[in-house]
Every structure is written in C-alpha cells, then in structure tokens.
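*Asks:* Pasting in a structure now, in structure tokens, and then I'll have a few things to ask.
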Amino acid sequence: MSETIEAITTYLAPRRLDEALQAMADGEATVLCGGTDLAPQTESGARQYKARLLNINRVEGLGGIAADGGEIRIGATTTVAEIRRSAALAKIAPVLVEAAEHFASEQIRNAASLGGNLCNASPAGDMSPPLLVLGAAVELACWRDGAAHTRRVPLEQFFVGPGKTVKLAQELLTAVVFARPAPGFVARFRKSGPRPALEISTVSVALGARVADGRLGDVRVAMGSVAPTPLRARHVEAALEGRPLDAATVAAAVAAAAEDAKPIDDVRASAWYRSHLVKVFVEEVLDDVRGN
Amino acid sequence: MEKTANATPTAKQTLIGTRVKKPDAPDKATGKTRYINDMVLPQMLIGKVLFAGRPHAKIVRIDTSAAEQLPGVHAVLTGKDATGLKFGFVRDNVALKDKVRCEHDEIAAVAAESEDIARQAVALIEVEYEDLPGVFTPEDGAREDAPLIHDNFPGNKSLAFDFQHGDVAAAEAASDFVVDNVFRPHHVTHCCMGTSCAIADFDHNGKLTIWTQTQYPYNYKMDLAPALGLHPGDIRVIQPPIGGAFGSKLDVYPYEPIAALLARKTGRPVKVIYSREEEFKASPTRQPAIIHMRTGCTRDGTLTFRSADVLLDNGAYTSWGPTIPVIMMRTVSGHYRVPAVDFKAQAIYTNNPYAGSFRGYGNVQCTYATAQQMDMLADMVDMDPLAFHLKNSQKSGEITPQKSFLRECALVECLETAAQASDYSRKRKEYAAQQDAPGRYKKGIGLASSIHNAGGAKIHKSDGIGTILKMDDYARVTVITGASEIGQGIDAVITLIVSEELGVPLEHVTLVNNDSDIAPWDVGVHASRTTFIAGNGTRRAARKAKAQILAAAEKVLGEPAETLELRGGSVVRDQCGTPIIKLDRLLRQMHFQAEPELVMVTDYYEPKSEPEGAQHMSDHSAAYSHAVHIAEITVDTLTGEIKVDKVTVAQDVGRIINRMGLEGQVEGGLAIGLGYALSENMLLDHGLLKNASFRDYKLITAPEMPPLDLHFIESDCAEGPYGAKGISELPTIVIAPAIANALYNATGVRIFNPPMSPETVARAIHERRMQTAPGKATTPSEALAV
C-alpha cells in the first residue's frame, strides 16, 4: 500500500443515513462503496484519500431496487450485478440490464455500485447512456441545520467534466430515479472496444423513444466517450423526433451524429474511429428498432 | 489415438503420448505454491528503483541526501556506485545509469525497512536533467544527423546480420510475379503474471546468492558477474517458482544487479519487486521491425527468390532482441523451397524500451511477412494457396540454403491435414466470392505456416544438458537436472520419462532443478529445446540406471539382463511381464551387500547440431519442425472487429510425450499469438509508454479464445527422445498471418502494421471503400453496398 492510505485517520461504517450525512457534513470524507474505481485511483496517485473514510455499504435504505410504483428507484449502493440480475428491471428497463451485462467483468460487477459508477463521472461510464435515455435523475442528500436535505438533479445536468459532477463534497448520492417508461417505449444500447471482455467503452450509444404509428416520439439519444461527459445527442434527437422511422430519417440521424459527437484522440481510439463508430451505432440501434 | 495414463506402466503399456498432469499443478491451482514474489527472508530489506521517466537526457545533478536521512533507509545508490560495471550482450548496459537513454532507465535505488519507506525515499531523491533530442524510430536513428545514444556506437548501429544464397537478381529476372511490401510489426511485451523480482544476499566470503526468475541459470552467472565486478563462480542462482517468463528472463535485467548492489552495500538480503506499472515500463519487449520483403515466383507457382531488408528497433540497450535475425533469416531462407535468398538486418539504437527475447524469437515478425506474401503470390498466379504451398513444400531429407537439414519433414502432411479438417479450399473460394457482396459481417479463412528449430539451437559453444539421477533404498528417484521449469512443463516430461524407463510411479520421481550449486549445466529454456534436450538427457541417464539395476538383477536372479524389464515397481520378465522381485528390495540388496553399490548415474547430452557460426551456414538445430494454422474469422466490416471463430492447427511434434502438456503449450502459445495479432500493442509516444496497465494493454482473455481443432503429426524424429521434437514456439508464430490472410479473404484488405485492431481494420476497410466509391454513402451500412 502506498502512503496515501496512511492519510486515513478515521474509518466509519454507519448504519443510518443521517449518521453518514453528518460524517460528511464538513466535506472532508472519502466515500467508499464498491471501491472498484477508488482503489485503483488512490493506488496510482490520481486521487488522494481524505482523513475520514466513510463506508456506506451498511447504510440501511441505500440499496435495493423499488420498481412497484410509477417511479423506479435504484439505491446508490445497488451493485451492477444486482441490476443485471433484476427481473423487475429486465421487464421495465431492459436497456439498463443490457448495459450491466456489458459492464467490466464478473468480479467488478459484483462490487461496483451504481452510485459509484455515476459519481466517478467517467465519459466512458457504462451506466450513464442508458440512464440518460430513461430520463433518470439522481438524489443528492446532505446534512444541514440539524436535518437531512435532499435535492434532485436530472442526470444530464449531473456531469460537468471527466471525474467532475455538480455533487458537493458534503452531498451523498443516495438513489437514481426515473419514471416508469410508458407503453410503446423502446430502448437500445450499444458499446464497443478492441476486445469483448473487460472492456472500457471506445464509444457507446443509447436510444430511448416512444414508437407509435411508425414514428418516434419523446426521443432521447445518449452517447458515451465522445466528449468530456456522457451527453444527450440533441441533434440526433431533433433529426428523429416525430419522424417516420425510414431510411431518410436514419440517414439524417447519422449525419446529425457528427454534430453531437466531438471525440478526441487518446490511448483507446482516434477521434476518427470514435466518430465513425458513433455513426455505425446510431444507424445500428435505429435499424434494430425499425426491425421490431 | 488417445491413451490414458496409468500410474505405473506395466509390461505392455507405455506412458509416452498419454496425458500426465504437471506435478506442481495442484499447489498452483490451490494457492499453495510460494512464488518468488511471496518470499520473505529474515532481515530482508526492500529495494526500490527511481526510473528516469524521460527518454533521453543528461543527468546534471543528483541529490540523495534527503532520502538517506529518512528513518528506515539503509542505502541509496546512484550511477557512481555502478561505474564501469558494464554488462549486456555488447556491454552497453549498467545497473544504475549516468545518462538517460530510455524511459525506464534506472537512475537511483534505495534499500529500506519497508516498501512504503523505500517509496518515500525514492520520492525524496532530487535529480536535475537536461533533456536531449531523442530518436524514436530506427529510420530516424539511422539518419546521419541523428542524436547519438551511445558514444561508442557510431550511427546508432547495434548488431547487423546478413546472408546471401544464389543469384537473386537472375532469379528475379526469371520471375513472372514479384510481391514487394513493407511490414511493420509492433512493440508487445510478455505480461508475465508474476512481476519481475529478485532477492540478493551476500555471505561474508563475498559469495552472492540470488533468488531470481531466470530461465538460463548457468550462463546467467556469466552475464551477471560483470554487472557486479564478481567472479561468475561466486554466484549461486536459486530459481523459486515463478509466474511466467516466455523469454523475458533470458538475460540479466538491471533490477537483478541492483538488488545485489543494495545487498552488498547493506549486508542484508534485499528484494526488488516490480509493480505492474513498473513491469510494463521496465520489461523487455518483442522487437519491432521494419521488414521490406520481396518474394518472386514463376507463372506455374514455383518460388524463385526471397529477399528481406530488415531494420530493427533495438531500443536503448542491446539485449537478446537484436539477435533475432539469426532466426528470421532461417525463415526467409527456409520457409518453403527458396532457391535464391538475400537477407540483411541492421539493429538501430533508439530511445524506446529495449527488446529482449520473446517466444517465437523473430520468427513471429518474419512469418507475418513470409506467410502473407505466400498468400499474395498464390492470388497473383491464381492458385489455391494450399496448392501453391504444396508445390513449394520441402520433403524429408532436403537441406535449406543455410544448411538446415530437414531430416523428417512433415510440412505436406501438416498442410493437407489442416486444409482437409477445415474444408479450407471450398470455404476460401466461397468467402472470396462474397467479398464485395452486400452485408456487414464477412467470413474469411486464412492459411499460414512456418518453420522453426525443434531440437535446440546451437548459438552457444554447447547446446547440451547435464543430468544426475539417483535412486534411494525405497526406489524413489531423484533427477538433478539443468532443465529449468518456468511453467512450460518439463517437470511432467522428465517425470514421465523416468517412470517410462524405470517402471516407477510418477509420484516417486522428484526433480531438483532450481539451484545452480546443485544441478549440472544447461543452456536454459529457449529455442523450443527443453523437451528435446532434457528429454534425451533424462532418458539416457535413466537407461544407464536401468542397465546398472538389470546387471545387478542378473546376478541376484540368475536370469540374463536382456530378458528382464522394469515395470510396475518390479523387475519383470520382458516377455510376459511377470514380476520377479520388487525394485526397492533389489536396490536394498545392491546397497547392503559385501560389495555395496548405489544407483547414481550422470550424463551429459550434447545434441548433434552445428554451431551457428558467423556465416550462418550450419545445421544449427538437431531437428526442425513445421506448423500450419488455418484461421476462420468473422469480420464486422463497420466496427472492424475480428471474431476468431475457429483455428485448425496441424503441427509436426515428432512424437507426443505428454499430450496434456502439449495441448497446454499449443493453447497458451496461440493465446500469445492471438494477442499479438489482434489487440496487444505498447503505445509509445516519444519513447513514453502510454498504456502501462491491463486496462489499456489488451491481452486476449478467456472469452476471446476460439475453439481449437488440434492435429499433431508424428514424424518420428530420429534424434528426438522417443521421436519427439520441440513444439512450444510455433503456436505463437503462425497464427497472426493466418488471421491476416483470413482478413484478406473476407474483405480484400491487408494489414501491414499489426495489431489488426478494430480501428486499424475499420480504417483499412473504410479507405478501400472510399477508393471504390468516394463520398456516395449517407450511412455506414450504405457504404457497404456501393
């Protein structure tokens, strides 16, 4: 272990949410859940531990999937493996289950939490595009004036940059919520990398829309790894909204993808390849929906 | 025909060709094995290295005072502590540097009570550098105005090799077709699961004991000695279990003398162990090269000549990497019948990481070129590549231009077996016809082959091995052998052979092969040689023991030795297998009699091969072998992803000894070859490695391993143990060009700069389409149709 772990002087593993929120009220706690991003980042020196390490795994009410009502609620400590195995989500939002299936490896899925994956704010975060097309929001809680306060932030406003979100240091992401998709809602997710297993996305594309009379409505398209944050592809959405799902519409959406995706060259892929893949995936998910 | 191993062979059964498990497998599978990485010695300190982190620089000032004052630090060493202690193939390396020539150059080293303290101390060392312009390709290094990396190597020239045979100009004039390409095989590294580690300790007589991962313990002493100013005789090498080598431990690397220098300075054992990131940055690589190859043939498909002009990226120092042309030229001159040959290779120093030896040793790079040019020429003469290969195949008894004697050559049989098993010719035609048809996913099939030494390679004065075999009063056998076990399975092979010869159970054979003060000399694990060489040595020693035992049995039993055999733990009558006397009882009788004798024999086996020599005209291996791979793939022409659906392998193995070990070696070798072909790539930016982690350096993992259809051709090698040949490198060598040829069959695209990563393939397909129909398509899939 490196010297960074020696920076930790206090370890807390509370059972109640208010205890957890109080422990981070001064903004001086490192939150630990699955640790699949935290451990390698601190080990490599990319991130430093604060003096207080706050394990939220035992906090009651932070885990679990509530899928009975009109609003679906996934607790922050829910693991990616739990999402993958959820029969309820497989029915309500199969796109999320599919993304969980393509997420890293079995071992990482077993440990990684949904909340952690979102707070890590990687442009390549696998859970972000499907949640964006589901219109999800995150709940952020904090302790202020002797009481817990919670605010909701739409996921598309949550990400600010690589590793950066609007969440304040004293806030804890407690849950992800989204409205139960209406009848006729379809969603697709597609990602790629140079190797099928244990992959970090070169590019990912998700589509969510209501299909009625051969036309798309309430279209949401999200992309990963094409910009500093996962993003909503507004130009592609505009090219699809209210349009008949035919070849001309697909071509227009593919052309519009270039307006939304502003990728960079990095170790994993060139900007050219990412732009190319975005077009391929936009066409692929639309063709897939057309085929249904 | 599969045979099942019996714990003890009886009269009519043989263990040869059966499936025998590796003796160390249960311990490794259950986590019981104590690897070198786990070892802790009393009083042991941890050594940590300060790496330069820049490719080319002068060291202006170095201040270690803060590090030295940190409590728990026992020693801080810098370049001045290693002055003059040059080591390496051309004595261009030193454990601690006074100038920076590559990113991982070792500038200083610390020994401390704990890893944390050592790490903190390294961070406290202040170094002022003056960066120098660097050289990052061999072309740039060869330029007249290139910055000089080593003062005593003008022109940045490291080793050079050449070989000519026949009249290439005349052969070219007589050629109807010539292919002419430049191939640029890339940097990859071994990725051993056990990271580099050494523990060094001196006694008060000045003798060094080093626990290390080396795969050549005896010449290692000779190579390590100058790095420490020691006599090689004062070095004892102990080889604990290791997590892989694959050629990466066939040289001395700086962390080993660093551990020893720190141990000498502190008087305590010092362990240096790399993190995964350090392992990526500081390990040797497979040598990248620029191979300008030309091959010609006549209209009827007869090869006329092959020429190769090779520029090698040496990296900053000369390890074994730059010697790979010795093997490359054997392939250029001997991969099929080539009447005229011209081979030139020059290694150029650069400020990149430096190359070592790696399974396949130059043949991986070279076969990527030769096997694709075979495919291209077949296309030009409009022949089925199978027929083209068969037309130019050597037969048993032929001698290559470099005097490799192909005494038992099963190339034709390998080609026919693999082609038939995979239905190659039909599929190739069918897929080629579909190349430009609409559709996103394309199937392709590709054939490639290669030749490799399979009976050692006499690049040293001897290619031999020493063996000592002894038996105790309970008929337990100990084999003290020079053959190192680095995971390749020689432990199982030796055990099997002893059991076969002496009729004792496999579990009654113990190996002592990890201490240079005990076991006799051997060249080391390389050149696909260990089963061949150590197998012969073991069999010879076991047969000497057997002769001694049966002579004693003759005296005791009054039956002629020729009619007796050792089977099932007893002396038996050869004809019927009837046990006459228990072996342990006989051994005790021999031991405790008036004229006592113990069974303890020695053997030194030297294969019948000729030294390589400066002219490169010698039968340098005691055997040669061929393998054919046929890869079947599906290409996503939009994303460029290649899925390998199946690989059919036909390999001349001489004779199967341990079928399980053979299968494991072929599968493991293929996994390395597949990674090389498809995904592995060290991304260097001005000499700095950008993907020093398994997250971004893509090994092949289990889900990507395709189904394998393995066919072992038994050509019965007269020199090999029971007819066996060496087998372990060909699986790594042949697969990449088989996939490249399949990619061409599927898409009409060829990749000259591996790996065939999705992006590289997608771009090549995209560019090909843009040439045919530029700018007409509005969507990616529409582009497929035009």
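*Asks:* If each Cα of the stretch A:73-131 is one equal point scatterer, what is log10 of I(q)/I(0) from the Debye formula at q = 0.12, 0.19, 0.22 Å⁻¹?
*Replies:* One equal scatterer on each Cα of the stretch A:73-131 leads to -0.22, -0.58, -0.80.
*Asks:* Next question, about the same structure. Based on Cα coordinates alone, diagonalise the gyration tensor for the stretch B:489-539, multiply each eigenvalue by 5, take square roots, and list the semi-axes in whole Å, largest first.
*Replies:* Equivalent-ellipsoid dimensions as semi-axes: 19, 14, 9 Å.
*Asks:* Which whole number gives the average, over all residues in A:268-277, of C-beta atoms from other chains lying within 10 Å of the residue C-beta?
*Replies:* 4
*Asks:* What base-10 log of the normalised intensity I(q)/I(0) is obtained for the stretch A:65-177 from the Debye formula, alpha carbons as equal point scatterers, at q = 0.09, 0.10, 0.21, 0.24 Å⁻¹?
*Replies:* -0.22, -0.27, -1.18, -1.47
*Asks:* With every protein chain present, what accessible area does B:Lys544 have (1.4 Å probe, heavy atoms only), rounded to the nearest 10 Å²?
*Replies:* Its accessible surface works out to 90 Å², give or take rounding.
*Asks:* Using Cα-Cα distances under 8 Å and only pairs 6 or more residues apart, what relative contact order does the stretch A:1-118 have, in percent?
*Replies:* Relative contact order of the stretch A:1-118: 27 percent.
*Asks:* Where the convex hull is taken over the Cα atoms of chain A, what is its projected area averaged over directions, in nm²?
*Replies:* 15.2
*Asks:* Equivalent-ellipsoid semi-axes (√(5λ), Cα gyration tensor) for the protein assembly as shown, whole Å, largest first?
*Replies:* Over the Cα atoms of the protein assembly as shown, the semi-axes work out to 52, 38, 31 Å.
*Asks:* Please give the solvent-accessible surface of B:Ser679 in Å², to the nearest 10, using a probe radius of 1.4 Å with every protein chain present.
*Replies:* Answer for B:Ser679: close to 20 Å² accessible.
*Asks:* Tell me the Rg and the Dmax, in Å, that the Cα atoms of the stretch B:24-141 produce.
*Replies:* 17.8, 53
*Asks:* Further, regarding this structure: Which ³J(HN,Hα) values, rounded to whole Hz and listed in residue order, are derived for the stretch A:233-246 from phi using the Karplus coefficients 6.51, -1.76 and 1.60 in 6.51 cos²θ - 1.76 cosθ + 1.60 with θ = phi - 60°, glycine and proline given as x?
*Replies:* 8, 5, 5, 5, 4, 5, 5, 9, 4, x, 8, x, 7, 10
*Asks:* Round to the nearest 0.05 the FRET efficiency obtained for B:Gln593 and A:Glu19 when R0 = 56 Å and r is the Cβ-Cβ distance.
*Replies:* 0.10
*Asks:* So who's got an amide H within less than 5 Å of the one on A:Leu216, skipping anything under 5 residues away but keeping other chains? H placed 1.01 Å off N, in plane.
*Replies:* A:Gly242, A:Arg243, A:Leu245
*Asks:* A further question on this structure: Name the residues whose placed amide hydrogens come within less than 5 Å of the amide hydrogen of B:Phe87, ignoring near sequence neighbours (fewer than 5 apart) on the same chain.
*Replies:* B:Asp92, B:Asn93, B:Val94
*Asks:* Would you work out the relative contact order for the stretch A:188-291, in percent, from Cα pairs under 8 angstrom that are 6 or more residues apart?
*Replies:* Once normalised by length, the contact order is 25 percent.
*Asks:* Hey, if we sort A:Leu286, B:Leu511 by accessible area with the 1.4 Å probe, largest down, what's the order?
*Replies:* These residues rank, largest area first, as B:Leu511, A:Leu286.
*Asks:* Obtain the nm distance between the two label points defined at B:Asp180 and B:Arg695 by a simple spin-label model: each point lies 7 Å from its Cα along the Cα-to-C-beta direction.
*Replies:* Each label point is offset 7 Å from its Cα along the Cβ direction, giving 4.7 nm.
*Asks:* Normalized C-alpha radius of gyration of the stretch B:669-786, against 2.2 N^0.38 Å?
*Replies:* It is 1.43.
*Asks:* Contour minus end-to-end for B:Asp473 and B:Asp98, with contour as 0.36 nm per residue of separation and end-to-end as the Cα-Cα distance?
*Replies:* Going from the current span to full extension adds 129.2 nm.
*Asks:* Tell me the per residue accessible area of the stretch A:3-55 using a 1.4 Å probe; a whole number in Å² is fine.
*Replies:* 52
*Asks:* Further question: Out of every Cα pair in the stretch A:188-291, what percent are spaced more than 19 Å from each other?
*Replies:* 37
*Asks:* Between A:Glu28 and B:Lys395, what is the label-to-label distance in nm when each label sits 7 Å out along the Cα-to-Cβ direction?
*Replies:* Each label point is offset 7 Å from its Cα along the Cβ direction, giving 8.7 nm.
*Asks:* Also, quick follow-up: By per-residue mean of other Cβ atoms within 10 Å, what is the highest-first order of B:368-375, B:68-75?
*Replies:* The densest-packed peptide leads the list: B:368-375, B:68-75.
*Asks:* Let me ask you something else. Can you tell me the relative contact order of chain B? Whole percent, Cα pairs under 8 Å, sequence separation 6 or more.
*Replies:* 16
*Asks:* Let me ask something else. May I ask you to rank B:Glu500, B:Glu595, B:Glu554 by accessible area, largest first, using a 1.4 Å probe over the protein chains only?
*Replies:* B:Glu595, B:Glu554, B:Glu500
*Asks:* In Å, what Kirkwood hydrodynamic radius results for chain B from the alpha-carbon pair distances?
*Replies:* About 27.8 Å for chain B.
*Asks:* With a cut-off of at most 16 other beta carbons within 10 Å, and DSSP calling the residue loop, which chymotrypsin sites (Phe, Trp or Tyr not before Pro) in the stretch B:591-666 qualify? Please list them.
*Replies:* Of the chymotrypsin sites (Phe, Trp or Tyr not before Pro), the ones in loops of the stretch B:591-666 whose Cβ has at most 16 other Cβ atoms within 10 Å are B:Phe592.
*Asks:* How long is the stretch B:167-305 along each principal axis, judged by its Cα atoms, biggest number first, in Å?
*Replies:* That gives 73, 32, 23 Å along the principal axes, largest extent first.
*Asks:* Would you mind getting me the FRET efficiency between B:Glu68 and B:Glu277? Use the beta-carbon distance for r and R0 = 22 Å, nearest 0.05.
*Replies:* Computed FRET efficiency for B:Glu68 and B:Glu277 comes out at 0.30.
*Asks:* Follow-up question, since we're still on this one. If I compute solvent accessible area with a 1.4 Å probe over the protein chains, what percent of it on the stretch A:188-291 is carbon and sulfur?
*Replies:* Using a 1.4 Å probe with all protein chains present, the stretch A:188-291 comes out at 52 percent carbon and sulfur.
*Asks:* What helices does chain A hold that run 15 Å or longer along their axis, going by alpha-carbon atoms, with a Kyte-Doolittle average of 1.0 or more, using DSSP H for the helix calls?
*Replies:* A:247-260
*Asks:* Using protein chains only and a probe of 1.4 angstrom, how many square angstrom of B:Ser158 are accessible, to the nearest 10?
*Replies:* 20
*Asks:* Between A:Ser270 and B:Gln575, what is the label-to-label distance in nm when each label sits 7 Å out along the Cα-to-Cβ direction?
*Replies:* So the two model labels end up 7.9 nm from each other.
*Asks:* Follow-up. Over all pairs of distinct alpha carbons, what does the Kirkwood formula give as the hydrodynamic radius of the stretch A:3-55, in Å?
*Replies:* Result for the stretch A:3-55 stands at 11.4 Å.
*Asks:* Using 18 Å as the cut-off for backbone N distance, which residues of the stretch B:636-658 belong to the label zone defined by a point 7 Å from the Cα of B:Ala421 along Cα→Cβ?
*Replies:* Answer for the stretch B:636-658: B:644-658.
*Asks:* Which value does Rg/Rh take for the stretch B:123-174 over its C-alpha atoms, Rh per Kirkwood?
*Replies:* For the stretch B:123-174, the value is 1.31.
*Asks:* Can you give the FRET efficiency to the nearest 0.05 for B:Phe752 and A:Ser44, using r as the Cβ-Cβ distance and R₀ = 41 Å?
*Replies:* It comes out at approximately 0.70.
*Asks:* Which of the chymotrypsin sites (Phe, Trp or Tyr not before Pro) found in the stretch B:665-750 are in a DSSP loop and have at most 16 neighbouring Cβ atoms, other than their own, within 10 Å?
*Replies:* B:Phe694
*Asks:* For the stretch B:337-416, what is one quarter of the convex hull surface built on the Cα atoms, given in nm²?
*Replies:* 7.3
*Asks:* Among A:Ile264, B:Ile36, what's the order by accessible area (1.4 angstrom probe), most exposed first?
*Replies:* Largest to smallest exposure gives the sequence A:Ile264, B:Ile36.
*Asks:* So if each residue of separation counts as 0.36 nm, and I subtract the Cα-Cα distance between B:His460 and B:Glu115, what length gain in nm does that give?
*Replies:* Separation in residues times 0.36 nm, less the Cα-Cα distance, equals 120.3 nm.
*Asks:* Normalise the Debye intensity by I(0) for the stretch B:393-486, one equal point scatterer per Cα, no solvent, then take log10 at q = 0.17 Å⁻¹ and round to two decimals.
*Replies:* -0.93
The values are calculated or read from the model by the stated rules, or taken from the named source; none is laboratory data. Worth saying up front: this structure is predicted, and the values here are computed from it rather than measured. Positions of Cβ are generated from backbone atoms using ideal geometry, with glycine treated the same way; all protein chains shown enter the neighbour counts. Ligands, DNA and RNA are excluded from the accessible area calculation, which covers all protein heavy atoms including side chains. Shrake-Rupley method; radii C 1.70, N 1.55, O 1.52, S 1.80 Å.
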